[in-house]
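Peer 1: This is the structure I want to talk about, given as structure tokens.
The values are calculated or read from the model by the stated rules, or taken from the named source; none is laboratory data. A quick note: this is a predicted structure, and the numbers were derived from the prediction, not measured. All Cβ positions, even for glycine, are placed from backbone atoms using ideal geometry, and neighbour counts span all protein chains on display.
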Amino acid sequence: MYLLIPAAGSGKRMGGDRNKLLLSLLDQPILWWTLKAAIASDAIEWIGIICQPIDRPDFEGIVAALKAPKPVVFIQGGDTRQESVYNGLQRLPEGAQRVLIHDGARCLATAELFDRCASVLQGCAGLIAAVPVKDTIKVVEDFDKNGSDRPEVASTPDRSKLWAAQTPQGFEVATLKDAHSRGVREKWAVTDDAALFEKCGLSVRIVEGEETNLKVTTPQDLAIAEFILRQRHPQS
Ligand code: CTP
Ligand code: MG
């Protein structure tokens, strides 16, 4: 199984002065943890890290430290996550049939989750790891539309039908490339790859994700991630 890791963001919501994937968790960079799990997954045989040129020397150091026993290549990122994945897809080795895509910022995903997604992907064209939502979710009216100084609740979707999407997400390569190309032509802007599949009317299956598989986005997430890692590695 091939794996693409979008890692070409800047981490604006983290508020730091460099890519958040270089911030430390238990003394290792966030990307180190992500890669460690990917390397530990038996199903994954090739890893493409999509990154910005400025981060490449640091990322190369992380890969070297991990002594990965499988090929790891670097791919130029784009201005958006969608563009970054598009670039990654163009650089997959010829003959790649299926690919998993996993955000560098989801550094708590386990090797078992990668293996589970890879296994289910043998029997379908598109999938996402996801977990049922625990909160009641509200649809909120656009601030400008309601004419008041407070946003307003428009509706409450049935929670039993709501799932929080995670990565890994997995796809047939040719089908995902077509969906991305159509996305460029039709100027679709999406926040995950499954959304392109959905817009093309293609089926996306659910694989049971992990409650702990959070996307490190804000300083609070960093603190929670460190807590979870400390539980997993009490000696560190
Ligand atoms: N990403 C990417 N290329 C971009 C933007 C994001 O490869 N142009 C990657 C990020 O590095 C991250 C993943 O997509 O691993 C999910 O994005 P997000 O959590 O939003 O990270 P950032 O875009 O870096 O953070 P922010 O939105 O707060 O700036
Ligand atoms: Mg972002």
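Peer 1: Report the residue count in segment 1-10 for those that are farther than 30 Å from GLN235 by Cβ, touching a strand residue (DSSP E or B) at 6+ places or on another chain (Cβ under 6 Å) and near ligand 1 (Cβ under 8 Å from one of its atoms).
Peer 2: Counting residues in segment 1-10 that are farther than 30 Å from GLN235 by Cβ, touching a strand residue (DSSP E or B) at 6+ places or on another chain (Cβ under 6 Å) and near ligand 1 (Cβ under 8 Å from one of its atoms) gives 2.
Residues checked against (1) surrounded by fewer than 19 Cβ atoms within 10 Å (Cβ to Cβ); (2) farther than 24 Å from MET14 by Cα; (3) under 13 Å from the mean Cα position of the chain (by Cα):
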position: SER41; (1), (2), (3): no, yes, no
position: GLY61; (1), (2), (3): yes, no, no
position: LEU66; (1), (2), (3): yes, yes, no
position: PRO69; (1), (2), (3): yes, yes, no
position: VAL72; (1), (2), (3): no, yes, no
position: ALA96; (1), (2), (3): yes, yes, no
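Peer 1: Hey, can you tell me all the residues within segment 98-114 that are basic (Lys, Arg) and within 11 Å of the chain's Cα centre (by Cα)?
Peer 2: The one that is basic (Lys, Arg) and within 11 Å of the chain's Cα centre (by Cα): ARG106.
Peer 1: Is it true that some residue in segment 122-141 is at pLDDT below 95, outside any helix (DSSP H, G or I) and of a type in the set (D, E, K, R)?
Peer 2: yes
Peer 1: Show the residue pairs that are 6+ apart or on different chains and have beta-carbon atoms under 6 Å apart, the first residue being within segment 69-84 and within 16 Å of ligand 2 (Cβ to nearest atom) and at pLDDT 95 or above, the second being assigned to a loop (DSSP other than H, G, I, E, B) and of a type in the set (S, T, N, Q).
Peer 2: Pairs found: GLY77/GLN52.
Peer 1: Checking ALA111 against (1) over 27 Å from SER203 (Cα atoms); (2) away from ligand 1 (no atom under 16 Å from the Cβ); (3) of a type in the set (Gly, Ala, Ser), only one condition comes out false. Which one?
Peer 2: For ALA111, the failing item is (1).
Peer 1: Could we say that ARG13 is crowded, with 17+ Cβ neighbours inside 10 Å and near ligand 1 (Cβ under 9 Å from one of its atoms) here?
Peer 2: Details: crowded, with 17+ Cβ neighbours inside 10 Å: no; near ligand 1 (Cβ under 9 Å from one of its atoms): yes.
No; evaluated as a whole, the condition is false for this residue.
Peer 1: Now a separate question. For segment 186-225, how many residues meet the condition of being exposed (fewer than 15 other Cβ atoms within 10 Å of the Cβ), among the acidic types (Asp, Glu) and in contact (Cβ under 8 Å) with a residue 40 or more places away in the chain?
Peer 2: 2
Peer 1: Which residues, counting only those in segment 52-75, are touching a strand residue (DSSP E or B) at 6+ places or on another chain (Cβ under 6 Å) and outside any helix (DSSP H, G or I)?
Peer 2: PRO71, VAL72, VAL73, PHE74, ILE75
Peer 1: Looking only at segment 23-38, filter to residues that are of a type outside the set (Gly, Ala, Ser) and over 16 Å from the mean Cα position of the chain (by Cα); which one of those is nearest to ligand 2 (Cβ to nearest atom)? Reasoning before the result, please.
Peer 2: To start, the set of residues in segment 23-38 that are of a type outside the set (Gly, Ala, Ser) comprises 23, 25-36.
Narrowing the set further to residues that are over 16 Å from the mean Cα position of the chain (by Cα) leaves 23, 25-29.
On the way: LEU23: 15, LEU25: 19, LEU26: 24, ASP27: 25, GLN28: 22, PRO29: 18 Å.
Filtering first and then ranking leaves LEU23.
Peer 1: Let me ask something else. Does segment 16-53 hold any residues that are among the acidic types (Asp, Glu) and within 13 Å of ligand 1 (Cβ to nearest atom), and which are they? Let's see the steps before the verdict.
Peer 2: Going residue by residue through segment 16-53, those that are among the acidic types (Asp, Glu) are 17, 27, 42, 45.
Answer for segment 16-53, where residues must be among the acidic types (Asp, Glu) and within 13 Å of ligand 1 (Cβ to nearest atom): just ASP17.
Peer 1: Let me ask something else about it. Taking the residues in segment 97-116 that are part of a loop (DSSP other than H, G, I, E, B) and under 12 Å from LEU4 (Cα atoms) as candidates, determine which candidate is nearest to ligand 2 (Cβ to nearest atom).
Peer 2: The qualifying residue nearest to ligand 2 (Cβ to nearest atom) is ASP103.
Peer 1: Same structure again: Looking at this structure, is VAL216 assigned to a loop (DSSP other than H, G, I, E, B) and of a type outside the set (S, T, N, Q)?
Peer 2: yes
Peer 1: What about SER236, is it farther than 30 Å from TYR86 by Cβ, more than 21 Å from the chain's Cα centre (by Cα) and in contact (Cβ under 8 Å) with a residue 40 or more places away in the chain?
Peer 2: When the stated conditions are applied, SER236 passes them.
Peer 1: Are any residues in segment 200-234 over 14 Å from LEU31 (Cα atoms) and of a type in the set (Gly, Ala, Ser), and if so, which ones?
Peer 2: Those that are over 14 Å from LEU31 (Cα atoms) and of a type in the set (Gly, Ala, Ser): GLY201, SER203, GLY209, ALA223.
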